[in-house]
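The values are calculated or read from the model by the stated rules, or taken from the named source; none is laboratory data. None of these values were measured; they are calculated from a predicted model. Quick reminder, even Gly has a Cβ in these numbers, built from the backbone with ideal geometry, and neighbours come from all protein chains shown. Remember, those area values only see protein heavy atoms, side chains included, never the ligands or the DNA or RNA. Shrake-Rupley method; radii C 1.70, N 1.55, O 1.52, S 1.80 Å.
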Amino acid sequence: MASTMKVHEYQARALLAEAGVPVPQSSVVESVDDAVAAFNKIGGRAVVKAQVFAGGRGKAGFVKLCDNTDQVRQAADFMLSNRMVSVQTGAEGIEVKKLLVASAVDIESEYYVAVVMDRAKRCPVVMVSTEGGVEIEVVAKEKPDAIVKCWLHPHMGLLNFQCAQLVTKLGFTDKAQAKAAAKVIRGLVDIFLKYDCALAEINPLVRTTDGEVLAIDAKMNFDDNATFRHKKLQEMFDPTEENANELRAKEFDLSYIALDGSIGCLVNGAGLAMATMDLIKLHGGEPANFLDVGGSVTTEAAIEAFRIILSDEKVNGVLVNIFGGIAKCDTIAEALIAAAQEIGFKIPVVVRLEGTNVERARELLEAAKIPQLIPAEDLTDAAKKVCAKVA
Ligand code: GDP
Ligand code: MN
(Lines give C-alpha, C1' and ligand atoms only; values in the text may rest on other atoms or scores of the structure.)
(Ligands and ions follow the chains in the order given, each with its own letter.)
Protein backbone atom coordinates (compact mmCIF):
# COMPACT_ATOMS: atom_id res chain seq x y z
CA MET A 1 0.00 0.00 0.00
CA ALA A 2 1.29 3.43 -0.88
CA SER A 3 1.96 5.64 2.05
CA THR A 4 4.31 8.47 2.78
CA MET A 5 7.30 9.19 4.95
CA LYS A 6 7.20 12.41 6.91
CA VAL A 7 10.04 14.57 8.17
CA HIS A 8 10.26 17.33 10.74
CA GLU A 9 10.20 21.01 9.87
CA TYR A 10 13.90 21.37 10.68
CA GLN A 11 14.72 18.59 8.22
CA ALA A 12 12.50 20.13 5.54
CA ARG A 13 14.30 23.45 6.15
CA ALA A 14 17.63 21.71 5.58
CA LEU A 15 16.39 20.39 2.23
CA LEU A 16 15.15 23.87 1.31
CA ALA A 17 18.50 25.43 2.17
CA GLU A 18 20.26 22.80 0.07
CA ALA A 19 17.99 23.71 -2.87
CA GLY A 20 18.86 27.39 -2.54
CA VAL A 21 15.69 28.53 -0.76
CA PRO A 22 16.55 31.06 1.97
CA VAL A 23 15.52 30.05 5.51
CA PRO A 24 16.29 31.89 8.76
CA GLN A 25 19.17 30.65 10.90
CA SER A 26 18.09 28.02 13.48
CA SER A 27 19.10 25.17 15.80
CA VAL A 28 17.33 22.02 16.97
CA VAL A 29 17.33 21.34 20.73
CA GLU A 30 15.88 18.81 23.17
CA SER A 31 16.08 20.67 26.47
CA VAL A 32 15.17 24.02 27.98
CA ASP A 33 18.83 24.89 28.67
CA ASP A 34 19.82 24.15 25.10
CA ALA A 35 16.91 26.27 23.86
CA VAL A 36 18.26 29.21 25.90
CA ALA A 37 21.78 28.61 24.56
CA ALA A 38 20.40 28.53 21.00
CA PHE A 39 18.53 31.79 21.65
CA ASN A 40 21.72 33.46 22.93
CA LYS A 41 23.58 32.28 19.85
CA ILE A 42 20.96 33.86 17.57
CA GLY A 43 21.20 37.08 19.55
CA GLY A 44 17.86 38.82 19.07
CA ARG A 45 14.23 37.92 18.68
CA ALA A 46 13.66 34.19 18.15
CA VAL A 47 10.77 31.84 17.55
CA VAL A 48 10.54 28.57 19.49
CA LYS A 49 8.68 25.86 17.57
CA ALA A 50 7.64 22.31 18.49
CA GLN A 51 8.98 19.73 16.04
CA VAL A 52 6.17 17.22 15.54
CA PHE A 53 4.47 15.58 12.58
CA ALA A 54 1.40 17.80 12.80
CA GLY A 55 0.47 21.31 11.81
CA GLY A 56 -1.70 23.88 13.51
CA ARG A 57 1.08 24.48 16.02
CA GLY A 58 0.71 28.25 16.02
CA LYS A 59 -2.91 28.18 17.20
CA ALA A 60 -2.13 25.42 19.71
CA GLY A 61 0.51 27.60 21.41
CA PHE A 62 3.48 25.58 20.16
CA VAL A 63 5.02 28.38 18.07
CA LYS A 64 6.14 31.22 20.34
CA LEU A 65 7.97 34.45 19.61
CA CYS A 66 10.50 35.24 22.33
CA ASP A 67 12.43 38.42 23.08
CA ASN A 68 14.40 37.31 26.14
CA THR A 69 15.73 34.20 27.87
CA ASP A 70 12.84 34.08 30.38
CA GLN A 71 10.34 33.83 27.54
CA VAL A 72 12.44 31.15 25.83
CA ARG A 73 12.68 29.18 29.06
CA GLN A 74 8.92 29.40 29.59
CA ALA A 75 8.02 28.51 25.99
CA ALA A 76 10.47 25.59 25.82
CA ASP A 77 9.41 24.23 29.20
CA PHE A 78 5.73 24.42 28.23
CA MET A 79 6.28 22.67 24.89
CA LEU A 80 8.48 19.89 26.26
CA SER A 81 6.18 19.09 29.19
CA ASN A 82 2.77 19.26 27.49
CA ARG A 83 1.35 17.15 24.70
CA MET A 84 0.41 19.24 21.70
CA VAL A 85 -3.27 19.12 20.80
CA SER A 86 -4.12 20.82 17.50
CA VAL A 87 -6.75 20.45 14.79
CA GLN A 88 -4.48 17.86 13.20
CA THR A 89 -3.69 15.62 16.20
CA GLY A 90 -6.84 14.25 17.81
CA ALA A 91 -7.73 14.79 21.47
CA GLU A 92 -4.89 12.71 22.93
CA GLY A 93 -2.30 15.01 21.31
CA ILE A 94 1.36 14.22 20.68
CA GLU A 95 4.49 14.39 22.78
CA VAL A 96 7.06 17.03 21.83
CA LYS A 97 10.69 15.87 22.03
CA LYS A 98 12.46 18.41 19.84
CA LEU A 99 12.27 22.16 19.46
CA LEU A 100 13.46 24.45 16.73
CA VAL A 101 14.85 27.80 17.86
CA ALA A 102 14.93 30.05 14.81
CA SER A 103 15.84 33.64 14.22
CA ALA A 104 12.49 35.49 14.08
CA VAL A 105 11.54 37.65 11.11
CA ASP A 106 9.37 40.77 10.82
CA ILE A 107 6.60 39.73 8.50
CA GLU A 108 5.01 42.04 5.97
CA SER A 109 3.06 39.41 4.00
CA GLU A 110 2.58 35.65 4.19
CA TYR A 111 2.22 33.39 1.14
CA TYR A 112 1.47 29.73 0.48
CA VAL A 113 3.55 27.72 -2.00
CA ALA A 114 3.25 23.96 -2.49
CA VAL A 115 3.82 21.17 -4.95
CA VAL A 116 1.61 18.08 -4.73
CA MET A 117 0.81 15.15 -6.98
CA ASP A 118 -2.42 15.66 -8.89
CA ARG A 119 -3.67 12.10 -9.22
CA ALA A 120 -6.49 12.97 -11.59
CA LYS A 121 -4.17 14.80 -13.99
CA ARG A 122 -1.27 12.41 -13.33
CA CYS A 123 1.35 15.10 -12.87
CA PRO A 124 2.65 17.41 -10.17
CA VAL A 125 0.79 20.65 -9.59
CA VAL A 126 2.23 23.83 -8.09
CA MET A 127 -0.22 25.76 -5.94
CA VAL A 128 0.36 29.28 -4.70
CA SER A 129 -1.74 31.71 -2.71
CA THR A 130 -1.45 35.14 -1.17
CA GLU A 131 -3.51 33.74 1.72
CA GLY A 132 -0.47 32.24 3.44
CA GLY A 133 -0.01 31.38 7.09
CA VAL A 134 -3.52 30.07 7.61
CA GLU A 135 -4.70 26.54 6.93
CA ILE A 136 -4.87 26.03 3.20
CA GLU A 137 -7.91 23.74 3.53
CA VAL A 138 -9.87 26.73 4.86
CA VAL A 139 -8.71 28.90 1.95
CA ALA A 140 -9.63 26.13 -0.51
CA LYS A 141 -13.13 25.99 0.94
CA GLU A 142 -13.87 29.65 1.51
CA LYS A 143 -11.83 31.43 -1.17
CA PRO A 144 -10.97 28.84 -3.84
CA ASP A 145 -10.08 31.64 -6.28
CA ALA A 146 -7.25 32.69 -3.98
CA ILE A 147 -5.36 29.51 -4.90
CA VAL A 148 -3.58 29.57 -8.26
CA LYS A 149 -2.59 26.23 -9.78
CA CYS A 150 -0.05 25.35 -12.43
CA TRP A 151 0.42 21.80 -13.70
CA LEU A 152 3.89 20.50 -14.55
CA HIS A 153 4.79 18.48 -17.59
CA PRO A 154 6.20 15.22 -16.18
CA HIS A 155 9.39 15.52 -18.24
CA MET A 156 9.84 19.26 -18.65
CA GLY A 157 9.09 20.29 -15.08
CA LEU A 158 8.46 23.95 -14.30
CA LEU A 159 8.83 26.09 -17.41
CA ASN A 160 10.11 29.66 -17.19
CA PHE A 161 6.84 31.25 -18.26
CA GLN A 162 4.92 29.20 -15.67
CA CYS A 163 7.26 30.31 -12.92
CA ALA A 164 6.94 33.94 -14.02
CA GLN A 165 3.13 33.65 -14.02
CA LEU A 166 3.09 32.25 -10.49
CA VAL A 167 5.35 35.03 -9.23
CA THR A 168 3.08 37.63 -10.83
CA LYS A 169 -0.02 36.03 -9.33
CA LEU A 170 1.60 36.28 -5.91
CA GLY A 171 1.90 40.01 -6.53
CA PHE A 172 5.68 40.38 -6.50
CA THR A 173 6.37 43.52 -8.53
CA ASP A 174 9.76 44.56 -7.15
CA LYS A 175 12.36 43.03 -9.46
CA ALA A 176 14.71 41.67 -6.80
CA GLN A 177 11.83 40.23 -4.78
CA ALA A 178 10.25 38.65 -7.87
CA LYS A 179 13.58 37.00 -8.60
CA ALA A 180 13.81 35.74 -5.02
CA ALA A 181 10.24 34.36 -5.16
CA ALA A 182 11.00 32.60 -8.46
CA LYS A 183 14.03 30.98 -6.84
CA VAL A 184 11.86 29.68 -4.00
CA ILE A 185 9.29 28.16 -6.37
CA ARG A 186 12.03 26.58 -8.48
CA GLY A 187 13.78 25.23 -5.40
CA LEU A 188 10.59 23.65 -4.10
CA VAL A 189 9.84 22.03 -7.46
CA ASP A 190 13.42 20.71 -7.59
CA ILE A 191 13.03 19.12 -4.15
CA PHE A 192 9.67 17.62 -5.11
CA LEU A 193 11.10 15.97 -8.22
CA LYS A 194 14.51 15.02 -6.81
CA TYR A 195 13.21 13.33 -3.65
CA ASP A 196 10.00 11.76 -5.01
CA CYS A 197 7.75 13.85 -2.80
CA ALA A 198 4.05 13.38 -2.38
CA LEU A 199 3.92 16.90 -0.94
CA ALA A 200 6.38 19.77 -0.58
CA GLU A 201 4.88 22.82 1.06
CA ILE A 202 6.06 26.20 2.37
CA ASN A 203 3.45 27.84 4.60
CA PRO A 204 4.16 30.59 5.13
CA LEU A 205 6.65 31.96 2.68
CA VAL A 206 7.13 35.51 3.91
CA ARG A 207 8.14 38.90 2.63
CA THR A 208 9.84 40.67 5.50
CA THR A 209 9.55 44.38 6.26
CA ASP A 210 12.99 44.85 4.69
CA GLY A 211 11.99 43.08 1.50
CA GLU A 212 13.57 39.69 2.03
CA VAL A 213 11.74 36.57 0.78
CA LEU A 214 12.10 33.65 3.24
CA ALA A 215 10.55 30.27 3.99
CA ILE A 216 9.63 30.09 7.70
CA ASP A 217 7.66 26.83 7.80
CA ALA A 218 7.85 23.76 5.60
CA LYS A 219 6.20 20.38 5.36
CA MET A 220 7.37 17.50 3.19
CA ASN A 221 6.01 14.01 2.59
CA PHE A 222 7.85 11.44 0.51
CA ASP A 223 6.53 8.47 -1.42
CA ASP A 224 7.41 5.39 0.68
CA ASN A 225 7.95 3.32 -2.43
CA ALA A 226 10.81 5.58 -3.50
CA THR A 227 12.67 6.21 -0.24
CA PHE A 228 15.03 3.32 -1.03
CA ARG A 229 16.51 5.62 -3.69
CA HIS A 230 17.37 8.37 -1.22
CA LYS A 231 19.96 7.68 1.45
CA LYS A 232 19.49 11.19 2.78
CA LEU A 233 15.79 10.57 3.45
CA GLN A 234 16.51 7.21 5.10
CA GLU A 235 18.80 9.03 7.50
CA MET A 236 16.06 11.54 8.27
CA PHE A 237 13.56 8.83 9.20
CA ASP A 238 12.40 9.26 12.80
CA PRO A 239 10.85 6.00 14.10
CA THR A 240 9.90 7.59 17.44
CA GLU A 241 7.29 9.71 15.66
CA GLU A 242 5.65 6.75 13.92
CA ASN A 243 2.91 4.44 15.15
CA ALA A 244 4.84 1.63 16.91
CA ASN A 245 2.49 -1.08 15.65
CA GLU A 246 2.74 0.14 12.07
CA LEU A 247 6.53 -0.12 12.30
CA ARG A 248 6.42 -3.65 13.77
CA ALA A 249 4.07 -4.68 10.99
CA LYS A 250 6.44 -3.30 8.36
CA GLU A 251 9.24 -5.52 9.70
CA PHE A 252 7.11 -8.60 9.02
CA ASP A 253 5.90 -7.33 5.63
CA LEU A 254 2.40 -6.86 6.94
CA SER A 255 0.34 -3.89 5.74
CA TYR A 256 -1.11 -2.49 8.94
CA ILE A 257 -2.92 0.79 9.43
CA ALA A 258 -4.39 1.73 12.81
CA LEU A 259 -7.97 3.02 12.78
CA ASP A 260 -10.35 4.26 15.50
CA GLY A 261 -12.88 1.42 15.89
CA SER A 262 -13.10 -1.64 18.14
CA ILE A 263 -12.99 -4.63 15.77
CA GLY A 264 -9.53 -5.90 14.86
CA CYS A 265 -9.26 -7.32 11.34
CA LEU A 266 -6.80 -9.91 10.11
CA VAL A 267 -7.24 -10.48 6.41
CA ASN A 268 -5.20 -11.59 3.43
CA GLY A 269 -5.26 -9.26 0.44
CA ALA A 270 -5.93 -5.52 0.36
CA GLY A 271 -9.18 -5.88 -1.57
CA LEU A 272 -10.53 -8.50 0.81
CA ALA A 273 -9.48 -6.29 3.74
CA MET A 274 -11.48 -3.40 2.26
CA ALA A 275 -14.51 -5.65 1.72
CA THR A 276 -14.19 -6.94 5.29
CA MET A 277 -14.15 -3.41 6.69
CA ASP A 278 -17.18 -2.51 4.54
CA LEU A 279 -19.15 -5.48 5.90
CA ILE A 280 -18.20 -4.67 9.48
CA LYS A 281 -19.51 -1.15 8.96
CA LEU A 282 -22.65 -2.44 7.22
CA HIS A 283 -23.47 -4.50 10.29
CA GLY A 284 -22.93 -1.61 12.68
CA GLY A 285 -19.32 -2.12 13.77
CA GLU A 286 -16.17 -0.02 13.39
CA PRO A 287 -12.84 -1.54 12.29
CA ALA A 288 -9.88 -0.95 14.63
CA ASN A 289 -7.35 -1.49 11.89
CA PHE A 290 -6.61 -2.51 8.37
CA LEU A 291 -4.30 -5.52 8.34
CA ASP A 292 -3.34 -7.34 5.20
CA VAL A 293 -1.08 -10.30 5.96
CA GLY A 294 -0.40 -10.71 2.25
CA GLY A 295 -0.49 -13.72 0.00
CA SER A 296 2.47 -15.77 1.17
CA VAL A 297 2.20 -15.26 4.90
CA THR A 298 4.29 -17.37 7.28
CA THR A 299 3.13 -18.64 10.68
CA GLU A 300 5.56 -16.25 12.40
CA ALA A 301 4.22 -13.23 10.54
CA ALA A 302 0.63 -14.29 11.27
CA ILE A 303 1.41 -14.65 15.00
CA GLU A 304 3.00 -11.19 14.93
CA ALA A 305 -0.19 -9.93 13.26
CA PHE A 306 -2.23 -11.26 16.21
CA ARG A 307 0.20 -9.69 18.69
CA ILE A 308 -0.17 -6.33 16.97
CA ILE A 309 -3.96 -6.47 16.81
CA LEU A 310 -4.36 -7.66 20.41
CA SER A 311 -1.94 -5.06 21.77
CA ASP A 312 -4.43 -2.36 20.74
CA GLU A 313 -6.55 -1.68 23.85
CA LYS A 314 -9.48 -0.46 21.77
CA VAL A 315 -9.94 -3.92 20.26
CA ASN A 316 -12.95 -5.77 21.77
CA GLY A 317 -13.26 -8.43 19.12
CA VAL A 318 -11.34 -9.78 16.13
CA LEU A 319 -12.47 -10.88 12.71
CA VAL A 320 -10.13 -13.25 10.89
CA ASN A 321 -11.06 -13.45 7.24
CA ILE A 322 -8.81 -15.61 5.11
CA PHE A 323 -9.33 -16.68 1.57
CA GLY A 324 -6.65 -19.33 1.12
CA GLY A 325 -5.18 -19.06 -2.34
CA ILE A 326 -1.43 -18.81 -2.03
CA ALA A 327 -1.82 -18.30 1.71
CA LYS A 328 -2.97 -21.56 3.23
CA CYS A 329 -5.82 -21.78 5.70
CA ASP A 330 -3.92 -24.26 7.89
CA THR A 331 -1.00 -21.82 8.21
CA ILE A 332 -3.42 -19.25 9.60
CA ALA A 333 -5.05 -21.88 11.83
CA GLU A 334 -1.64 -22.82 13.26
CA ALA A 335 -0.87 -19.16 13.87
CA LEU A 336 -4.25 -18.72 15.57
CA ILE A 337 -3.58 -21.65 17.88
CA ALA A 338 -0.04 -20.49 18.64
CA ALA A 339 -1.25 -16.95 19.32
CA ALA A 340 -4.02 -18.25 21.60
CA GLN A 341 -1.45 -20.25 23.57
CA GLU A 342 1.08 -17.46 23.71
CA ILE A 343 -1.09 -14.41 24.28
CA GLY A 344 -4.39 -15.96 25.35
CA PHE A 345 -7.57 -14.64 23.77
CA LYS A 346 -9.55 -12.59 26.25
CA ILE A 347 -11.89 -11.32 23.55
CA PRO A 348 -13.98 -13.10 20.93
CA VAL A 349 -12.18 -14.07 17.72
CA VAL A 350 -14.55 -14.80 14.84
CA VAL A 351 -12.93 -16.87 12.11
CA ARG A 352 -13.94 -17.25 8.51
CA LEU A 353 -11.65 -19.47 6.47
CA GLU A 354 -12.17 -20.53 2.88
CA GLY A 355 -9.94 -22.03 0.21
CA THR A 356 -6.70 -24.03 0.19
CA ASN A 357 -6.42 -26.55 3.05
CA VAL A 358 -9.60 -25.32 4.72
CA GLU A 359 -10.58 -28.83 5.88
CA ARG A 360 -7.27 -29.34 7.64
CA ALA A 361 -7.54 -25.85 9.15
CA ARG A 362 -11.00 -26.63 10.57
CA GLU A 363 -9.73 -29.89 12.07
CA LEU A 364 -6.82 -28.12 13.72
CA LEU A 365 -9.04 -25.42 15.19
CA GLU A 366 -11.62 -27.89 16.44
CA ALA A 367 -8.95 -30.01 18.13
CA ALA A 368 -7.41 -26.96 19.80
CA LYS A 369 -10.66 -26.16 21.62
CA ILE A 370 -10.06 -22.42 22.04
CA PRO A 371 -13.04 -21.12 24.01
CA GLN A 372 -13.05 -17.59 22.54
CA LEU A 373 -12.94 -18.81 18.98
CA ILE A 374 -16.16 -18.53 17.00
CA PRO A 375 -16.34 -20.16 13.57
CA ALA A 376 -18.34 -18.41 10.85
CA GLU A 377 -20.01 -19.81 7.77
CA ASP A 378 -19.23 -16.97 5.41
CA LEU A 379 -18.14 -13.34 5.46
CA THR A 380 -21.58 -11.89 6.18
CA ASP A 381 -22.07 -14.37 9.00
CA ALA A 382 -18.64 -13.47 10.37
CA ALA A 383 -19.29 -9.73 10.24
CA LYS A 384 -22.68 -10.16 11.95
CA LYS A 385 -21.21 -12.34 14.67
CA VAL A 386 -18.29 -10.08 15.51
CA CYS A 387 -20.48 -6.95 15.49
CA ALA A 388 -22.98 -8.65 17.82
CA LYS A 389 -20.14 -9.61 20.18
CA VAL A 390 -18.65 -6.14 20.51
CA ALA A 391 -21.96 -4.25 20.57
P1 GDP B 1 2.05 26.05 12.04
O2 GDP B 1 1.00 26.79 12.81
O3 GDP B 1 2.26 24.66 12.58
O4 GDP B 1 1.79 26.04 10.57
O5 GDP B 1 3.45 26.84 12.30
P6 GDP B 1 4.15 28.04 11.51
O7 GDP B 1 5.59 27.84 11.56
O8 GDP B 1 3.55 28.23 10.16
O9 GDP B 1 3.82 29.31 12.41
C10 GDP B 1 2.51 29.80 12.57
C11 GDP B 1 2.47 31.30 12.48
O12 GDP B 1 3.34 31.88 13.44
C13 GDP B 1 2.97 31.84 11.15
O14 GDP B 1 1.99 31.83 10.15
C15 GDP B 1 3.39 33.25 11.53
O16 GDP B 1 2.26 34.11 11.50
C17 GDP B 1 3.86 33.10 12.96
N18 GDP B 1 5.33 33.08 12.95
C19 GDP B 1 6.14 32.00 12.82
N20 GDP B 1 7.43 32.38 12.77
C21 GDP B 1 7.44 33.74 12.89
C22 GDP B 1 8.46 34.72 12.90
O23 GDP B 1 9.66 34.46 12.78
N24 GDP B 1 8.06 36.04 13.04
C25 GDP B 1 6.75 36.39 13.15
N26 GDP B 1 6.45 37.69 13.25
N27 GDP B 1 5.77 35.49 13.14
C28 GDP B 1 6.10 34.18 13.01
MN1 MN C 1 2.71 26.69 8.87
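Data for the structure
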quantity	calculated
Amide hydrogen neighbours beyond the local backbone of V293, cut-off 5 Å, H modeled	V267, N268, G269
Choice from A114, A17, A60 showing the highest fluctuation, given a GNM over the chain with Cα pairs closer than 10 Å	A60
Set of lysines with alpha-carbon distance to K121 below 21 Å, sequence-local pairs under 8 removed	K141, K149, K194
Counting DSSP beta bridges with both ends in the chain, the antiparallel % (nearest 5)	75 percent
Sum of side-chain charges, A367 neighbourhood, beta-carbon under 15 Å (Lys, Arg +1; Asp, Glu -1)	-2
Computed E for A164/R119 - FRET, C-beta separation, R0 22 angstrom, nearest 0.05	0.25
Value of relative contact order over segment 26-104, rounded to a whole percent, pairs C-alpha under 8 Å and six or more apart	45 percent
Net charge of neighbours whose Cβ lies under 13 Å from the Cβ of F345, counting Lys and Arg as +1 and Asp and Glu as -1	+3
Nearest-0.05 FRET efficiency for T4 and A37, computed from C-beta distance (R0 41 Å)	0.75
Under 20 Å from the Cα of K369 - lysines, other chains or at least 8 residues apart	K346, K385, K389
Choice from M236, M156, M79 with maximal GNM fluctuation in the chain (Cα, 10 Å cutoff)	M156
Residues with amide H under 5 Å from that of G317, placed H, sequence gap 5 or more	G264
Measure of compaction for segment 26-104 (Cα Rg per 2.2 N^0.38 Å)	1.01
Exposure rule at most 11 other beta-carbon atoms within 10 Å, DSSP loop GluC sites (Glu not before Pro): the chain longest free segment	93-312
Carbon/sulfur fraction of accessible area - segment 244-390, other protein chains in place, 1.4 Å, %	52 percent
Carbon + sulfur, % of accessible area of segment 170-242 - ligands and nucleic acids excluded, 1.4 Å	50 percent
For D118, distant residues with modelled amide H under 5 Å away	C123, V125
Förster-model FRET efficiency, 25 Å R0, K314 and E359, C-beta, rounded to 0.05	0.15
Extension reserve of the E251-A17 stretch, reckoned as 0.36 nm per residue once the Cα distance is removed	80.9 nm
Phi-based couplings in Hz for segment 84-97 (Karplus 6.51, -1.76, 1.60; Gly and Pro marked x)	8, 10, 9, 4, 9, 10, x, 5, 6, x, 9, 6, 10, 10
Under 10 Å, Cβ to Cβ, from E9 - net charge with Lys/Arg +1 and Asp/Glu -1	+4
Value of relative contact order over segment 244-390, rounded to a whole percent, pairs C-alpha under 8 Å and six or more apart	25 percent
Paramagnetic reach from L282 in segment 315-350 [backbone N under 17 Å; point 7 Å along Cα→Cβ]	319-323
Percent RCO, i.e. relative contact order, over the chain, from Cα pairs under 8 Å lying at least 6 residues apart	13 percent
Point-to-point label distance, H230-E342, nm (Cα→Cβ direction, 7 Å offset)	3.5 nm
